[in-house]
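See structure below.
No lab work stands behind these numbers, since they all come straight from the coordinates. Everything numeric in this text was worked out from a predicted model, so none of it was measured. All Cβ positions, glycine included, derive from the backbone under ideal geometry; neighbour counts span all protein chains shown.
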Amino acid sequence: MRMPGVGNLINSRYQYDRYNQLVFESRDCFGTDASTTVYEYDNFGNITAARTYRGNGYEGVADVINRGPNGNTMSVDTYTYGNTEWRDLLTAFKGHEITYDEIGNPLSYYNGDEYEFTWENGRRLRRTQVNGENLLYEYNENGIRTEKRSVGKYTDSYRLDGSKVVELKRSYNGSVRTDRYVFYYDESGTPYAFDAYVNGADVKRYHYITSLQGDVLQLSDESNRIIACYSYDGWGKLFAVTDENGDEISDQSHIAYANPIRYRGYFYDNETKLYYCGSRYYDPQIRRFINADGYVSTGGGFISYNMFTYCNNNPVMYNDSFGSRPILSTSVQNETKAERSASFAYMKKMSTYIPPEEPVQQPEPEVIPAITAPVMPIEGGTLINDWPHYVGTEISHRGTDIEADEGTPVHSVCAGTVVDLSTKINYNAYETSHGMDTYGIYIKIRSEDDDVVMIYAHLSAVNVSVGQQVMPWDVIGLSGNTGHSKAPHLHFEVNDAYTGEILRPFDYLP
């Protein structure tokens with residue numbers, strides 16, 4: 001891939017393995033020395049090593065192996081996954097230990113710098129301490145970041161349009177100075193310009209020059225003069241910030257550093273070198289999200305899906321602006337039906353493949369008939385709420401509720417397999433504060449034909465076990481009033497089996 005613009009801004013070549021994971025990257029970025037990196041993975045989709053060599057004259061992985069390092073090794077990043085019960089939990093990077101809480105949030109962290117993280121409300125990052133910086137974050141009711149405060153220095157406040165930042169306001173401690181940056185996006189959600197109001201000076205407009213994937217590669221001023229160039233690797237690691245001649249911009253007050261929109265259009269935090277991706281923070285130094293995705297705390301049972309991987313280890317083709325799933329387009333809003341289907345199919349393949357190095361003999365699965373006539377989980381039951389229900393721009397109620405007296409038989413809607421259930425009623429303070437008591441007693445059944453998981457919640461009893469196969473009309477439990485429930489009823493919810501995406505429940509009811 002050769003990017004147009006000033007000189008050879010980015011000249012890169014890529015190679016992938018049989019699972020479309022990036023294994024070879026050769027690059028010659030504007031303002032930096034040419035280099036080549038080879039990436040290695042284990043059988044669980046975890047990156048295990050990244051070896052970088054001087055020069056970009058290699059033809060691929062085989063050429064690198066055949067020619068050997070020959071004194072050209074620049075760096076070797078090594079990864080350790082030392083938790084046998086959580087195979088995708090990174091426990092050390094380059095020999096430096098990383099520690100976590102119970103749900104996969106790092107507490108002490110290392111990527112070349114040493115970090116301390118504090119979390120709240122489950123997976124929400126509250127505080128970061130790194131390189132003498134003490135950063136605090138605030139979020140709105142939908143979990144979108146609204147403020148970043150560098151204690152003792154400045155506060156960044158974000159004005160939002162949905163999940164898009166349309167204005168950043170920076171106020172400085174002990175000063176009346178306030179800087180403002182107003183951002184403009186096209187119909188696809190790609191940024192194209194911003195206005196800067198800095199230290200009382202007249203407004204200045206700057207334009208973004210982006211790649212097809214949405215990477216901000218250059219900034220131009222009102223006279224169309226290039227004033228800054230950004231060079232990244234395929235994972236978004238920032239190699240250099242240079243002027244139009246390729247000379248490094250060292251002045252941290254330069255507009256090139258003040259501009260927060262960078263790789264893939266993500267917001268880049270200069271203080272931490274992390275990208276903010278809606279629900280999580282992505283680390284391009286390590287090439288992974290810093291904490292697990294939401295499925296780890298929902299009991300969804302998706303144990304085969306890597307909870308930290310970024311874009312299924314294919315960062316060149318995909319992006320993940322919400323930290324939830326990779327997409328082929330520049331934004332979810334701009335994603336076509338074909339791109340969405342391809343993204344889900346790719347995730348399905350990556351989450352279920354059995355590597356040939358460690359074959360596992362599985363018995364032939366019993367053929368379960370497809371749904372021919374959907375049934376109501378509560379016979380004669382009445383829906384008592386609409387779907388979806390929003391708070392702001394986020395869905396606050398993931399399913400629909402069906403009227404039912406306590407103890408009413410609950411029927412399986414489909415043929416499938418019980419993949420998870422809970423009969424727990426009493427929860428400790430930690431579990432309650434992290435929303436683990438939401439469903440109360442519940443059953444999760446995966447439909448073999450539709451690749452969805454159906455959730456039956458707030459039950460008073462269960463009549464099945466994990467691994468059991470069920471048919472439509474089978475009584476799987478009794479309705480109740482457990483968990484976050486104000487009166488007896490049945491909560492019915494449908495999620496995509498591979499991504500956890502909320503699906504319209506009425507499509508699976510008569």
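Values computed for the structure shown
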quantity: Nitroxide proxy distance, nm - points 7 Å out along Cα→Cβ at Asp405 and Asn70; calculated: 8.4 nm
quantity: Whole-Hz ³J(HN,Hα) from phi, Karplus 6.51 cos²θ - 1.76 cosθ + 1.60, for region 460-468, glycine and proline x; calculated: 9, 7, 10, 10, 9, 9, 4, x, 6
quantity: For Arg504, Arg124, order by how many other beta-carbon atoms lie within 10 Å, fewest first; calculated: Arg504, Arg124
quantity: FRET efficiency for Ala461 and Val375, using Cβ-Cβ distance with R0 set to 30 Å, rounded to 0.05; calculated: 0.90
quantity: Label-point gap, in nm, between Arg124 and Asp451 - each point 7 angstrom along Cα→Cβ; calculated: 3.3 nm
quantity: Above-threshold pairs, the threshold being 26 Å between Cα atoms, out of Lys148/Lys237; Lys424/Lys486; Lys148/Lys486; Lys94/Lys148; Lys94/Lys237; Lys94/Lys153; calculated: Lys148/Lys486; Lys94/Lys148; Lys94/Lys153
quantity: Rounded to whole Hz, the Karplus (6.51, -1.76, 1.60) HN-Hα couplings of region 206-218, x for glycine and proline; calculated: 10, 10, 8, 10, 10, 7, 5, 7, x, 5, 7, 9, 8
quantity: Phi-based couplings in Hz for region 91-100 (Karplus 6.51, -1.76, 1.60; Gly and Pro marked x); calculated: 9, 7, 10, 6, x, 9, 5, 10, 10, 9
